[in-house]
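Below is one structure, written out as structure tokens, with a few remarks after it.
The values are calculated or read from the model by the stated rules, or taken from the named source; none is laboratory data. Note that the structure is a prediction, hence the values are computed from the model and not measured. Note that we place each Cβ from the backbone using ideal geometry, even for glycine, and neighbour counts take in every protein chain shown. Quick note on the areas: whole protein, heavy atoms, side chains included, nothing else; ligands and nucleic acids left out. Shrake-Rupley method; radii C 1.70, N 1.55, O 1.52, S 1.80 Å.
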Amino acid sequence: DDDQSVIKSGKAKLDFEEPQTTPNGDRIWLKTTKVPLTDSQGNTIGILGTYEDITARKETEQELRKLSRVVEQTPASVVITDKAGTIEYVNAAFARLTGYSVQEVLGKNPRVLKSGLMPEDTYRQMWSTLVSGHEWRGEMQNRRKNGELFWELAVISPLTDAQGTITHYLAIKEDITARKQVEAVLLAEKLYSESLIRSLPGVFYLISEEGKFLSWNKRFEAVTGRSAEDMAQISPMDLFVDEDKQVIASAIQRVFTHGQVQVEGRLVAQDSKRIPYQFSGNRILVDGAPCLIGLGLDITDRKAIEDELRTAARTDRLTGLPNRALLLDRLQNTIHRHKRSKDSKYAVLFLDFDHFKTINDSLGHETGDQLLREIARRLQTVVRSVDSVSRQTEGNTTSRLGGDEFVILLDGLRHEADAQQVVERLLDVLGTPYKLGIHEVVSTASIGIVTSEYGHERAEDVLRDADTAMYEAKLAGRGRAVVFDGSMHERVRRKLELESGLRKALEQRQFVLHYQPIISLETRRLEGFEALVRWQHPEHGMISPGEFIPVAEDTGLIVPLGEWVFHEAVRQLAAWWRTHGRDAVPSLSINLSRKQMVLTDLPQHLLAIAQEAGVAPAALHLEVTESAIMADPNLAHQVLGQIKQRGFKIDMDDFGTGHSSLASLHQFPLDVLKIDRSFIANLSRGRDFAALVNAIAMLARNLNIAVVAEGVETEDQMTMLQSLECQMAQGYYFARPMPAEQVAEYLAKTPH
């Protein structure tokens, strides 16, 4: 077919390769060239063919292809360079190891991998070996494309032609990074161990099963002051204090039965000092006989640190007093001793310092810390001065629990009542002003007292009840002491019950609003209502706000409760306006808590609620207590100003119970001042209260602030308020707070 093709086309077929089978059945490869022969007219008259046997070359190429597949699949990195070191071939493993692609390194020198960390002598020695025709083997630290260092073991061989001339170099490399890392760790551990053994002031020893020293180091002799002759004659037990000999003997026995042991004991040094050592021992065979080989380390410093840590863990860092952990430990021991002997009585005084947070916040934490240290000093002085009231079984303990809370344990009292002497002395000393740098401050203490007469079993329970009594002291007016009694448990339980019930009440909508009229003392007409929240408990009936509002304040539940009150009150006012007209209920007063005032979006949120209900903000009076305003006057001025800008009215409630003065009223954007009911209740008791109410009313008029008297219950009170030109009033004399459904009946018979 090929011949006919050449004849027909008149074109040569050059150097084509094809397999052939010989007559004896062998398969060979031929390279054939066929050229057409033409006559003078250009006609093909024949073919000139030449044949070359290339079977050997084809077999070599096939072997090379097999070898190439093997090289590509090997995990070792393979590199072939020419005689000048230019890379002509790398396999896939090279690319995986170095991060360079094949195309990136072809035509480059292997120095692209140099890390710069290998000595130049290594490279000179390598090339000297290779150019001399010998194989080079060595380890190199190179750098990947991403900059990471790695180690590889390289075997580089020169490749020669038939005449023995070097034409290429073949490098086969193995990644040994992991091995080098392990070697580095092992070397570091070996060097560390050797260094540690050299640096430790340890005693080394070898002891026979019979309990005789077979070998020891010079350090052992130096520490114990024993000569080599002494060491050979004595028993290990002779070197320890009497109290530790049994422990050491048992430890040695355990080595021979269990193989190893670690124990602490005190060596008697040559100067008779007792030095704590930690001994470790292992069982070994020496000439077939079991022996104990061990190391003893001086742990004097460690023991000292442990003692310091134990002390630090049980001591308040700021004052140096025992902390809660140490107090509880001593108190529990005192309780156990009291159980054994009723003659040993005790008392616990729980102290919390009044207004400490204000001092800390206003004068800074450094001044606060200085005050705490001074308090600690005074407490210790007082307790030492009254040591005569106790028999001092373990000594009285003055401790700091944290913050401004301190506890005093009076141990070994003759009578529980003796604790009162200490309390009186404490109240007197702690009431004296403190001189703190340029500041002079007063921080009285509220003290809760628990005595052993209650028979507590646990120290934690004593502190709990003392804390409860302290809280009662704060409620009683601060700067005083209260002795714990059983009824306090019931009050605490009741508070916890209220807290739990409040959460359910919010979810189950157990709250209702009652409305109390505010009356003009001049016209006797209705000026508006105050919305008052009530809790209609499904089991306990109506719960007084005076009971649950403080709990809501403490827990933060006052925020969602206050929002519900505002929503419901505004909704109700809108309903009254639709039914009776806007003139029937001109305004509605709604209480606002201090915790609501810190909400950043409060003014805009209130406005959105009013606008949604269709109620003009000017008809809504937001009542904030005097104490809430004065707790943070700057915040109050800012927030109330923003509320006022949105059209609401601002009332200061319970005026006279906080810390503001008449002169400070102009600082706040007030529309109404509500005089606390305590002033109204005392109007008939003397001219002083009447004069004070008159002064409040006159100043308020001058500041263009309306005045409402709260808690008016008698006609005499109303008459006196009229004479004092007080503008408005509310109280039982006019009407008790009423549910919304009764307001329609009230409006029907009340002028407006």
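Kindly provide the set of residues from the stretch 712-752 that are among the small types (G, A, S), under 18 Å from F689 (Cβ atoms) and free of Cβ contacts under 8 Å to residues at least 12 places away in the same chain, ordered by number.
Listed by number, the list holds a single entry, S723.
What's the number of the condition S627 fails, among (1) in contact with a Gly (Cβ under 9 Å, 6 or more places away or on another chain); (2) farther than 30 Å from K357 by Cα; (3) of a type outside the set (A, V, I, L, M)?
(2)
Do we have L326 as surrounded by 18 or more Cβ atoms within 10 Å (Cβ to Cβ), closer than 20 Å to R464 by Cα, among the aliphatic types (A, V, I, L, M) and within 26 Å of the chain's Cα centre (by Cα) here?
Spelling it out, L326 is indeed surrounded by 18 or more Cβ atoms within 10 Å (Cβ to Cβ), closer than 20 Å to R464 by Cα, among the aliphatic types (A, V, I, L, M) and within 26 Å of the chain's Cα centre (by Cα).
Would you mind listing the helices (runs of 4 or more DSSP H) fully within the stretch 62-179 where at least 3 residues are loosely packed, with under 11 Cβ neighbours inside 10 Å?
120-131
Could you tell me whether any residue of the stretch 427-442 is open to solvent by less than 30 Å² (accessible area, probe 1.4 Å), more than 14 Å from G368 (Cα to Cα), charged (D, E, K, R) and not in a loop (DSSP other than H, G, I, E, B)?
No, the stretch 427-442 contains no residue that is open to solvent by less than 30 Å² (accessible area, probe 1.4 Å), more than 14 Å from G368 (Cα to Cα), charged (D, E, K, R) and not in a loop (DSSP other than H, G, I, E, B).
Within the stretch 168-176, does at least one residue satisfy the condition of being free of Cβ contacts under 8 Å to residues at least 24 places away in the same chain and either within 16 Å of V79 (Cα to Cα) or out of contact with any Ser or Thr (no Cβ under 6 Å at 6 or more places or on another chain) (or both)?
no
What number of residues within the stretch 566-593 are hydrophobic (A, V, I, L, M, F, W, C) and in a helix (DSSP H, G or I)?
Looking only at that region, the number is 8.
Can you name the condition, by its number, that D654 falls short on among (1) in a helix (DSSP H, G or I); (2) at pLDDT below 95; (3) in contact with a helix residue (DSSP H, G or I) (Cβ under 7 Å, 6 or more places away or on another chain)?
(1)
Could you tell me which numbered condition A473 fails, if it satisfies all but one of (1) part of a helix (DSSP H, G or I); (2) of a type in the set (G, A, S); (3) over 30 Å from D343 (Cα atoms)?
Every condition holds for A473 apart from (3).
Can you tell me how many residues within the stretch 257-289 are in contact with a Lys or Arg (Cβ under 6 Å, 6 or more places away or on another chain) and not aliphatic (A, V, I, L, M)?
Result for the stretch 257-289: 4.
Inspect all residues belonging to the stretch 558-565 and state whether any of them is outside any helix (DSSP H, G or I) and open to solvent by 30 Å² or more (accessible area, probe 1.4 Å).
No; the residues of the stretch 558-565 include none that is outside any helix (DSSP H, G or I) and open to solvent by 30 Å² or more (accessible area, probe 1.4 Å).
All but one of (1) under 52 Å from the mean Cα position of the chain (by Cα); (2) aliphatic (A, V, I, L, M); (3) closer than 21 Å to Q727 by Cα hold for I643; state the number of the condition that does not hold.
(3)
Among the residues of the stretch 672-688, how many are open to solvent by 30 Å² or more (accessible area, probe 1.4 Å) and within 22 Å of E527 (Cα to Cα)?
The total comes to 1.
Identify, by number, the condition in (1) exposed (fewer than 15 other Cβ atoms within 10 Å of the Cβ); (2) under 60 Å from the mean Cα position of the chain (by Cα); (3) modelled with pLDDT under 75 that S5 doesn't meet.
The single condition S5 does not satisfy is (2).
Please go through (1) touching a Ser or Thr at 6+ places or on another chain (Cβ under 9 Å); (2) surrounded by fewer than 16 Cβ atoms within 10 Å (Cβ to Cβ); (3) modelled with pLDDT of 85 or more for S627 and return the number of the only condition it doesn't satisfy.
In the conditions (1) touching a Ser or Thr at 6+ places or on another chain (Cβ under 9 Å); (2) surrounded by fewer than 16 Cβ atoms within 10 Å (Cβ to Cβ); (3) modelled with pLDDT of 85 or more, S627 misses (3) alone.
Restrict the check to the stretch 680-692 and report whether at least one residue is touching a Leu at 6+ places or on another chain (Cβ under 6 Å), at pLDDT below 90 and closer than 24 Å to A618 by Cα.
Within the stretch 680-692 (the criterion being touching a Leu at 6+ places or on another chain (Cβ under 6 Å), at pLDDT below 90 and closer than 24 Å to A618 by Cα), the answer is no, since none of the residues qualifies.
Has the stretch 721-736 got at least one residue that is part of a strand (DSSP E or B), modelled with pLDDT of 90 or more and open to solvent by less than 40 Å² (accessible area, probe 1.4 Å)?
Taking every residue of the stretch 721-736 in turn, at least one turns out to be part of a strand (DSSP E or B), modelled with pLDDT of 90 or more and open to solvent by less than 40 Å² (accessible area, probe 1.4 Å).
Exactly one of (1) surrounded by fewer than 20 Cβ atoms within 10 Å (Cβ to Cβ); (2) part of a strand (DSSP E or B) is unmet by V707. Its number?
Result: V707 passes all but (1).
Quick check on the stretch 539-548: of everything there that is open to solvent by less than 50 Å² (accessible area, probe 1.4 Å) and among the hydrophobic types (A, V, I, L, M, F, W, C), which residue is farthest from the chain's Cα centre (by Cα)?
It comes out as I543.
Test of understanding: among A610, A618, which residue is among the aliphatic types (A, V, I, L, M), open to solvent by 10 Å² or more (accessible area, probe 1.4 Å) and touching a residue at least 12 places away in the same chain (Cβ under 8 Å)?
Sole residue among the options that is among the aliphatic types (A, V, I, L, M), open to solvent by 10 Å² or more (accessible area, probe 1.4 Å) and touching a residue at least 12 places away in the same chain (Cβ under 8 Å): A618.
Looking at (1) within 13 Å of Y205 (Cα to Cα); (2) without any contact (Cβ under 8 Å) to a residue 40 or more places away in the chain; (3) open to solvent by less than 60 Å² (accessible area, probe 1.4 Å), which one does R283 not meet, given that it meets all the others?
The number of the failed condition is (3).
Which residue pairs have Cβ atoms closer than 7 Å, lie 6 or more positions apart in sequence or on different chains, and pair a first residue in the stretch 416-442 that is polar (S, T, N, Q) with a second residue that is assigned to a helix (DSSP H, G or I)?
Between residues of the stretch 416-442 that are polar (S, T, N, Q) and residues that are assigned to a helix (DSSP H, G or I), the close pairs are Q421/V389.
Out of all the residues in the stretch 484-538, which are open to solvent by less than 60 Å² (accessible area, probe 1.4 Å), modelled with pLDDT under 90 and of a type in the set (K, R)?
Selection gives R494 alone.
Can you tell me which residue among R578, R594, R582 is under 24 Å from I650 (Cβ atoms), open to solvent by 50 Å² or more (accessible area, probe 1.4 Å), among the charged types (D, E, K, R) and more than 33 Å from the chain's Cα centre (by Cα)?
Sole residue among the options that is under 24 Å from I650 (Cβ atoms), open to solvent by 50 Å² or more (accessible area, probe 1.4 Å), among the charged types (D, E, K, R) and more than 33 Å from the chain's Cα centre (by Cα): R582.
Restricting attention to the stretch 382-393, and to residues there that are outside any helix (DSSP H, G or I) and within 18 Å of I449 (Cα to Cα), which single residue is modelled with the highest pLDDT?
Among residues in the stretch 382-393 that are outside any helix (DSSP H, G or I) and within 18 Å of I449 (Cα to Cα), the one modelled with the highest pLDDT is V386.
Taking W29 and the conditions (1) open to solvent by 70 Å² or more (accessible area, probe 1.4 Å); (2) at pLDDT 75 or above; (3) assigned to a loop (DSSP other than H, G, I, E, B); (4) farther than 30 Å from S101 by Cα, which numbered condition does it fall short on, given that it satisfies the others?
(3)
Counting residues that are over 28 Å from L463 (Cα atoms), which strands (runs of 3 or more DSSP E) fully inside the stretch 266-381 reach at least 1?
Answer list for the stretch 266-381: 274-286, 289-298.
Could you check the stretch 443-475 and list, in sequence order, the residues that are among the aromatic types (F, W, Y) and surrounded by fewer than 15 Cβ atoms within 10 Å (Cβ to Cβ)?
Taking the stretch 443-475 as the starting set, the residues that turn out to be among the aromatic types (F, W, Y) are 454, 471.
Of everything in the stretch 443-475, just one residue is among the aromatic types (F, W, Y) and surrounded by fewer than 15 Cβ atoms within 10 Å (Cβ to Cβ), namely Y454.
Can you name the condition, by its number, that M126 falls short on among (1) over 17 Å from A76 (Cβ atoms); (2) modelled with pLDDT under 90; (3) in contact with a strand residue (DSSP E or B) (Cβ under 7 Å, 6 or more places away or on another chain)?
(2)
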